[in-house]
Amino acid sequence: MSRSRCTTSTATPGASTRASAFRPRSTASCWRREMRLIGVNRSPYTRRVAITLAGYGVAYEQRCVSGFGNRDEVRGHNPLGRIPALVLDDGETLIDSGAIVDHLDERYGGERPTIPRAGAERRAVLRVAAMMMGACDKGLQAAYHRNHTPVDKRHQPWVDDCTAQMAHALAAVDAMVDPAAPYLLLGRLTQADITAFVAERLARFGLNVDTAAQMPKLYALARKLGEEAAFRSTEP
């Protein structure tokens, strides 16, 4: 699987071939303009979308901008100034990783969407995804406060509380991991795996959490997922 084209100016769309982690990509879209992902893969939310696109074998180009250094440009796609946004091949723009993934599942998921359509399986995947996206929220709040608040104005108890909330969520998912199973739920790749992967990465690399020691099964799962093409090709 080739890495998405990451540009600092709008790239001319071209042909792209990707091995799908979920199901073969329909060739019907090959004659249409490629989608454009707005955001950097250092963001767990953007990478969640990038992994899903890659797994579905969807050709896309990527505009690598952040909400910090490129706020005005990002606001052109999302008034909140937040990433990711996904410009569809017909020009419509979607915002928020959950809404984007929902669209990708609807369009490309067939009988094996990354979030099941209904029932207990859907609820189970959504529960993990909600915990892991909430963990990312808390981790990024702690990191932002640590990195951008003047030392004399930092409130360490609040940072500690955010970090603890993230750690408890990761520990809850760690307890769900079966080391003998290839994936977290359903025996196949779902948003439970994708969101757990990006949350563990944020904890390990963004907040220096020793996930290998504190959440060893989740750490091992993330390492294993990281070898899959959809994950490798979206490495920041």
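Structure summary
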item	result
Members of the stretch 190-236 found to be surrounded by fewer than 24 Cβ atoms within 10 Å (Cβ to Cβ) and aromatic (F, W, Y), listed by number	F205, Y219
Residue list for the stretch 190-228, restricted to those being in contact with an Asp or Glu (Cβ under 7 Å, 6 or more places away or on another chain) and over 12 Å from A167 (Cα atoms)	K217, Y219, A222, L225
Residue check, L140 assigned to a loop (DSSP other than H, G, I, E, B), under 19 Å from the mean Cα position of the chain (by Cα), hydrophobic (A, V, I, L, M, F, W, C) and modelled with pLDDT of 95 or more	no
Per-region count, the stretch 186-220, residues in a helix (DSSP H, G or I), β-branched (V, I, T) and under 14 Å from the mean Cα position of the chain (by Cα)	3
The stretch 72-97 residues that are in contact (Cβ under 8 Å) with a residue 60 or more places away in the chain, paired with ones that are exposed (fewer than 13 other Cβ atoms within 10 Å of the Cβ) (beta carbon under 8 Å, 6 or more apart)	D89/R32
Residues located in the stretch 47-86, provided they are in a strand (DSSP E or B) and either among the basic types (K, R) or in contact with a Phe, Trp or Tyr (Cβ under 9 Å, 6 or more places away or on another chain) (or both)	R63, L86
Near pairs, Cβ below 6 angstrom, 6+ apart or cross-chain, from the stretch 45-63 (over 13 Å from S233 (Cα atoms)) to any residue that is buried (at least 23 other Cβ atoms within 10 Å of the Cβ) and among the polar types (S, T, N, Q)	Y45/S97
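The values are calculated or read from the model by the stated rules, or taken from the named source; none is laboratory data. In this text the structure is predicted, and so the values were computed from the model without any measurement. All Cβ positions, glycine included, derive from the backbone under ideal geometry; neighbour counts span all protein chains shown.
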